[in-house]
Amino acid sequence: MSQRVECPGPVSPDEPEHHQPVGGLSAGVPLPLKPGRPKVATGARQQLITAARDLFASQGYQQVSTRQLAARPGVNAGLIRYYFVDKAGLFEAMLRETLQPLQQLLQAQLQDKAALDPADLIALYYQVMGQQPLLPKLIFSSLHQPARAEHQIVVRVFAGFLQQMLQNFHKVLQSQQVLQPGVNPLFSQLSCLSLAVFPFLLPPMVAQAIGFIAEPATLSALAAHQRQLLTQGVLQAQSADAPAHTNTQQHSVGASDD
């Protein structure tokens, strides 16, 4: 009598695979290809990140479907699972990669003896967020509503960035050689945060009333104005041998007003 050998059958492409660990959310490492998985298109991952940034910022997290996210760049919806596991994974990857330039700079500055000038940090924040000015509103709205599906994702991603930003502000604004006499260091941190984030949180009715549009040219001029405001109202005047940021930036403001 011949011995019967049991061989495992092939795994169906439609079989759920929730047991697989998530390996690519922050590192960008995709799941291994299996039978039935879509072919990977060149540049598809970045196209999905860009589509996620646009759609989530304009419509909100809950209103956007995976089908919409794939349809915007015209790629196979299966690539969302391949790269990010699900919509939540794509949302987290989009947030991390959007904040990455700011976090890298902050991390480098925290390891250095000289912290980043708050005015430079505000200008960089404008530059990064100006590419998608509705995104800060989504972030702050999610932070204020714990019941929303994306709340924990935003907290997980944004908490690290916020901590680095506050550490940088604290490092600079605790120095008596930086602040003008009588200026409160704690209130100075609050002022810097307000100057950075409020232009993106301005209610549309107020923005329309004062004629403010968060576009790159306007944000660049506003960054120069914020530097002037900090220098004249919070920070001490720069020494003669320090880089002349103020004069250059003031000239930019004047040029934008012509």
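Rule-based calculations on the coordinates, nothing more; no lab input. A quick note: this is a predicted structure, and the numbers were derived from the prediction, not measured. Reconstructed Cβ throughout: ideal geometry from the backbone, glycine too, with neighbour counts over all protein chains shown.
Fewest-first ordering of K137, K87 by other beta carbons within 10 Å of each residue's beta carbon gives K137, K87.
Legend: ranking of residues F158, F200 from fewest to most surrounding C-beta atoms inside 10 Å; resulting order F158, F200.
For the pair D86 and Q167 in one chain, pulling the backbone fully straight at 0.36 nm per residue adds 25.8 nm over the alpha carbon distance. The stretch between E215 and N76 holds 46.8 nm of extra length on full extension. This uses 0.36 nm per residue minus the Cα-Cα distance. Extension gain, M205 to Q145: 0.36 nm times the residue separation minus the Cα-Cα distance gives 19.3 nm. Between K137 and Q103, the modelled labels are 2.5 nm apart [label points 7 Å from Cα along Cα→Cβ].
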